[in-house]
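> Questions regarding the structure given below will be posed in turn.
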Amino acid sequence: MPLVKAGFVVLDCAEPEKLAEFYRDLLEGEMTDATANRVEIRGADGTRLAFRRDMNATPPSWPRPENSLQAHLDFVVEDLDEAERKIVGLGGRPVEAKDAVGPYEERGYADPAGHSFMLRTVAPTAPKQG
């Protein structure tokens with residue numbers, strides 16, 4: 001059984017329903033899951049995207065550096081501790097505390113080049129704080 005069950009590119013935004021509808025239509029896909037604060041879609045080609053509510057989200061300013069980071073990778077796993085051991089063994093590093101405050105279990109990491117990603121065991125149900 002693979003360690004990672006599913007992978008998504010997650011876009012943080014103030015209105016995930018509207019952004020999901022745009023990409024669902026663009027990719028000729030379908031909505032696969034939705035909660036009050038997260039919507040997931042799968043495009044006709046299998047592309048999987050998720051849109052997470054962040055009331056503090058601001059539009060990207062790319063190519064200017066201010067507010068240019070607007071997306072991260074998000075992976076669903078069965079066992080966070082096992083996945084963390086593998087990540088560290090492959091050269092990644094934790095960037096958020098193991099026991100972060102929140103209603104669901106997730107942990108942040110950086111890959112060897114410094115790109116951020118999250119591991120989670122369940123779909124988030126609360127908006128990002130701060």
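> Give all pairs with beta carbons closer than 8 Å in which a residue from region 107-130 that is under 14 Å from Arg85 (Cα atoms) and open to solvent by 20 Å² or more (accessible area, probe 1.4 Å) meets a residue that is assigned to a strand (DSSP E or B) and at pLDDT below 85; count only pairs at least 6 apart in sequence or on separate chains.
These pairs meet every condition: Asp111/Phe117.
> Suppose we keep only residues that are open to solvent by 60 Å² or more (accessible area, probe 1.4 Å) and without any contact (Cβ under 8 Å) to a residue 60 or more places away in the chain within region 29-52. Which one would you say is nearest to Leu73 (Cα to Cα)?
The extreme case among them is Arg48.
> Something else about it: Applying the selection to region 3-28, what residues are surrounded by fewer than 16 Cβ atoms within 10 Å (Cβ to Cβ), within 23 Å of Glu82 (Cβ to Cβ) and within 12 Å of the chain's Cα centre (by Cα)?
Correct list: Ala6, Gly7.
> A follow-up question, please. Among the numbered conditions (1) under 15 Å from Tyr23 (Cβ atoms); (2) modelled with pLDDT of 80 or more, tell me where Ala71 comes up short.
Of everything listed in (1) under 15 Å from Tyr23 (Cβ atoms); (2) modelled with pLDDT of 80 or more, Ala71 misses just condition (2).
> Quick check, is Tyr104 in contact with a strand residue (DSSP E or B) (Cβ under 8 Å, 6 or more places away or on another chain) and modelled with pLDDT under 65?
Yes.
> All but one of (1) of a type in the set (A, V, I, L, M); (2) closer than 28 Å to Ala36 by Cβ; (3) modelled with pLDDT under 80 hold for Ala113, so report the exception by its number.
Unmet for Ala113, out of (1) of a type in the set (A, V, I, L, M); (2) closer than 28 Å to Ala36 by Cβ; (3) modelled with pLDDT under 80: (2).
The values are calculated or read from the model by the stated rules, or taken from the named source; none is laboratory data. Just so it is clear, the model here is predicted, and its values are computed rather than measured. No Cβ is skipped: glycine too gets one built from the backbone with ideal geometry, and neighbour counts run over all protein chains shown. Calculation scope for accessible area: heavy atoms of the full protein, side chains included, ligands and nucleic acids excluded. Shrake-Rupley method; radii C 1.70, N 1.55, O 1.52, S 1.80 Å.
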